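The structure appears below as structure tokens.
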Amino acid sequence: MTRVLVVDDEPQIVRALRINLTARGYQVLTAHDGTTALKAAADGKPDVVILDLGLPDLDGTDVIAGLRGWTSVPIIVLSARTDSSDKVAALDAGADDYVTKPFGMDELLARLRAAVRRSTTSPTPDEDALVETASFTIDLAAKKVHRNGTEIHLTPTEWGLLEILARNRGKLVGQKHLLQEVWGPAYAKESHYLRVYLAQLRRKLEPEPAHPRHLLTEPGMGYRFEL
């Protein structure tokens, strides 16, 4: 049973999400502030987190940072903040998706399913599971990346992007294709998501992030992974 942690200080939203998620077979944990959310995540080990940014004690971005210190659980932000700077800040902190209030329950549930799917996707058995570059190694079977012998922590969304590029190494992967595969059809035009997450991957994996050797951009077209 997939376990969902809902973090929101609005009781009616928590109640609506609990009813809808429980009816669809999810196990639901709840928290009404950031401190409780971090404890609930540590104790309950959820499979996905739905997080409001406007919490009474901590800002949601601080909760994201706190979670990312030890877990790669998918985080879907659910917030009334619609400014692009808030969205970028949440994504930079490690969120995997961003939904604005008011929201459609069907859309939120679809994004939740997509987030869980990304975090549990396994490679096909006939595929070469180990991808080695001069700078880092990708284990597609174990869903891990190592650089200089040290495992590099990636969020589920970062992994989703890297995995698609690695599976298509040497080939141009279009922006639209990446967005649809990682975030879903509704995000086909959100090219800024790719800029944010590719920059994060380069900072974590490239020896010189400003001059990448492996995660390359084809301006106006897409991205390419080179060994």
Given a Förster distance of 45 Å, report the FRET efficiency between Ala142 and Ala80 from their Cβ-Cβ distance, rounded to the nearest 0.05.
0.70
How high is the FRET efficiency from Asp62 to Ala186, r the C-beta distance, R0 30 Å, rounded to 0.05?
0.60
Go through Lys39/Lys87; Lys101/Lys143; Lys101/Lys171; Lys45/Lys189; Lys171/Lys204; Lys101/Lys144 and tell me which ones have a Cα-Cα distance over 28 Å in this structure.
Lys101/Lys143; Lys101/Lys171; Lys45/Lys189; Lys101/Lys144
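Can you tell me what the convex hull of the Cα atoms of the stretch 180-227 projects to on average, as an area in nm²?
3.6
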On a full-extension model of 0.36 nm per residue, what is the gain between Arg15 and Lys39, subtracting their alpha-carbon distance, rounded to one decimal in nm?
6.6 nm
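Compute the Cα gyration tensor for the stretch 134-179, then decide on rounded, prolate or oblate, letting a ≥ b ≥ c be the square roots of its eigenvalues: rounded whenever a/c is under 1.5, prolate when a/b is larger than b/c in the other cases, and oblate in all that remain.
The shape class here is prolate.
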Give the separation of the Cα centroids, the stretch 141-201 to the stretch 32-70, in Å.
24
With labels modelled as points extended 7 Å from the Cα through the Cβ direction, what inter-label distance (nm, one decimal) is found for Thr2 paired with Asp106?
1.7
Of His153, His192, His177, which has the largest mean-square fluctuation in a 10 Å C-alpha GNM of the chain?
His192
For the stretch 25-65, restrict the atom set to alpha-carbon positions and state the Rg and Dmax in Å.
9.9, 31
Hey, got the dipole for the stretch 67-170? About the Cα centre, +1 on K and R Cβ, -1 on D and E Cβ, debye to the nearest 20?
220
Counting only DSSP beta bridges with both residues in the chain, what percent are antiparallel, rounded to the nearest 5?
50
For a quick check, take a GNM of the chain with Cα springs below 10 Å and name the residue from Thr61, Thr150, Thr133 with the largest mean-square fluctuation.
Thr150
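Any chance you could tell me what percent of the C-alpha pair distances in the stretch 81-196 go past 19 Å?
52
In whole percent, what relative contact order does the stretch 104-227 give with Cα contacts below 8 Å and a gap of six or more residues?
23
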Provide the descending list of Cα extents for the chain along its principal axes, expressed in whole angstroms.
50, 33, 30
Rounded to the nearest 500, what is the chain's calculated 222 nm mean residue ellipticity when only DSSP H runs of at least 4 contribute -39500 (n - 2.57) each, over all residues?
-13000 deg cm²/dmol
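The numbers here are math on the coordinates, done by the rules we state, and not lab data. None of the values given here were measured: they were computed from a predicted structure. Glycine gets a Cβ as well: all are built from the backbone with ideal geometry, and neighbour counts include every protein chain shown.
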